[in-house]
Amino acid sequence: MLEHFACGLEVKFASDDVASMTFNGYGAVFGNIDANGDVINKGAFRDTLREARKTKNWPAMLSQHGGWGMDAESMTPIGIWTDMEEDDVGLKVEGKLAETPRGREIYTLMKMAPRPAINGLSIGYRIKEFSFGTKPDEPRRTLKKLDLLEVSPVTFPANLKARVAAVKSIELISTLSQAEDYLRDAGGFSRAQATAFVSRLKGLRPSDSEGQDESLAAWLASHPINRKT
């Protein structure tokens, strides 16, 4: 039987994501009881990830689990997952939305301002190993090993506390403070490096003498960042 586990989506877009439509976040959170009373243990996806890396057959990316339908359109993927790994938080995923009407629709909804219209992820899986809770304060089920089939952007995640933390895209920058945040989140700069770079940026930006001053987003887009580590 196919089951689902939903949690919040932490979406972060890098500088080239306007063209690539890539994002990352968490498909599942370990140790967190969902609305159905289930909790996933760290290591539950280990077999799926090992097999995916070996065969190159990754779990599908659907929209709303395919709408619970079985027709060709609803079961057609909206993109691909390019990487998945378990960390101390949960199942960390990186994906790329397809250059199709449905892929662009999801991308647009994720990036809406002042808040995203879609900010949840949910996984579809088959249970391979689990245990039932035996006490009132224990989860209904502890999921120890899962066969992960798909991960979907969804409107209603079961974990209402986990929501979008940040949407980072270069065209959203309009202040020096936002530029500093962008350099730290998308560019991988430390706080000190970002502050130093923005200080230099104040003196490097073109003047407004002819009334044609570029926006920060346009200036950063036209001046690639080369950072030595």
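Just one of the listed residues (Gly95, Gly124) is crowded, with 21+ Cβ neighbours inside 10 Å, touching a residue at least 24 places away in the same chain (Cβ under 8 Å) and either in contact with a His (Cβ under 9 Å, 6 or more places away or on another chain) or small (Gly, Ala, Ser) (or both), namely Gly95. Taking the criterion of being on the phi > 0 side of the Ramachandran plot and free of Cβ contacts under 8 Å to residues at least 24 places away in the same chain, the residues of segment 27-66 that qualify are Gly31, Lys56.
Considering segment 89-132, the residues that are within 20 Å of Glu150 (Cα to Cα) and among the small types (Gly, Ala, Ser) include one that is farthest from the chain's Cα centre (by Cα), namely Gly124. Assigned to a helix (DSSP H, G or I) and aromatic (Phe, Trp, Tyr), is that true of Tyr107? The answer is yes for Tyr107. Scanning segment 11-59 for residues that are modelled with pLDDT of 90 or more, closer than 15 Å to Asp83 by Cβ and of a type in the set (Gly, Ala, Ser) yields one hit, Ala52. Going by the conditions given, is Thr108 free of Cβ contacts under 8 Å to residues at least 24 places away in the same chain and within 15 Å of Val154 (Cα to Cα)? Yes, satisfied. If the condition is being over 27 Å from Gly133 (Cα atoms) and among the basic types (Lys, Arg), then segment 33-92 contributes Arg50, Arg53, Lys54, Lys56.
The values are calculated or read from the model by the stated rules, or taken from the named source; none is laboratory data. Values in this document were obtained by computation on a predicted structure and should not be read as measured data. As a convention, Cβ positions derive from the backbone with ideal geometry for all residues, glycine included, and neighbour counts pool all protein chains shown.
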